[in-house]
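Have a look at the structure below before the remarks.
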Amino acid sequence: MANRHTIVLMQTSQNRATRTFMDYDSISQAMDGICGLYERKLKELNPATRNITYDIGDLYNFIDGLADMSALVYDHTIQAFLPYDRQWIKQKVFQHLKKLAH
């Protein structure tokens, strides 16, 4: 059950043209993708800084600062995608980073 196809839906600003999605083979890969998105944004904002660090609060602020973010996770038992909100994403990204730290 670890490999649960996950689609992250995102809108970066109020402009509907900024709607996009990212497709992953698992929830874990999706959380990596969200962290990578934030890290690329940090590098873009701080091009001269070699080592960029951030904490979970910074990542939460990034997620909350988006106009919209949600996830669709495939559930094999019902053969359909289940929707999850921004809070769920923040909870999963925290659990994911905690696992990586150990």
- Have a look at TYR38, ALA80, TYR24 and report the one farthest towards the positive end of the charge dipole of the chain, computed about the Cα centre with Cβ charges (Lys/Arg +1, Asp/Glu -1). TYR38
- Task: Just tell me, in residue order, which DSSP H segments of the chain are both 24 angstrom or longer along the helix axis (alpha-carbon based) and at least -0.5 in mean Kyte-Doolittle hydropathy.
- Result: 27-45
- Hey, how much of the P(r) for the chain falls beyond 18 Å, as a percent of Cα pairs? 49
- Once the piece of chain linking THR53 and SER13 is laid out straight, how much longer is it, given 0.36 nm per residue of separation minus the C-alpha distance between them? 11.9 nm
- Counting alpha carbon pairs within less than 8 Å and at least 6 residues apart, what relative contact order, in whole percent, applies to the chain? 31
- When the helix-only estimate is applied to the chain (DSSP H runs of n ≥ 4, each -39,500 (n - 2.57), divided by the residue count), what is the mean residue ellipticity at 222 nm, nearest 500 deg cm²/dmol? -14500 deg cm²/dmol
- Query: aspartates and glutamates near LYS41 by alpha-carbon distance under 20 Å, same-chain residues fewer than 8 away left out - which ones?
  - Reply: ASP23, ASP32, ASP55, ASP58, ASP64, ASP68
- Message: What does the net charge come to around TYR84 if you take all other residues with beta carbon closer than 12 Å to its beta carbon, with K and R at +1 and D and E at -1?
- Response: +2
- Which of the trypsin sites (Lys or Arg not before Pro) found in the range 1-56 are loop residues per DSSP with 14 or fewer other Cβ atoms within 10 Å of their Cβ? ARG50
- Note on the structure: Placing each pseudo-label 7 Å from Cα in the direction of the beta carbon, ASN3 and ASN46 end up separated by a distance in nanometres of 3.7
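About its Cα centre, what dipole magnitude does the range 14-88 give when the only charges are +1 on Lys and Arg Cβ and -1 on Asp and Glu Cβ, stated in debye to the nearest 20? Walk me through the numbers before you get to the answer.
On the way: 7 positive and 11 negative charges, 67 e Å.
Taking the Cα centre of the range 14-88 as origin, the dipole is about 320 debye.
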- A 1.4 Å probe over the protein heavy atoms gives the range 6-101 a carbon and sulfur accessible-area percentage of 51
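The values are calculated or read from the model by the stated rules, or taken from the named source; none is laboratory data. The shown structure was predicted, so the numbers you read here are calculated from the model rather than taken from an experiment. FYI the Cβ positions are ideal-geometry reconstructions off the backbone, even for glycines, and counts take in every protein chain you see. Please note that ligands, DNA and RNA were not included when accessible areas were found on the heavy atoms of the full protein model with its side chains. Shrake-Rupley method; radii C 1.70, N 1.55, O 1.52, S 1.80 Å.
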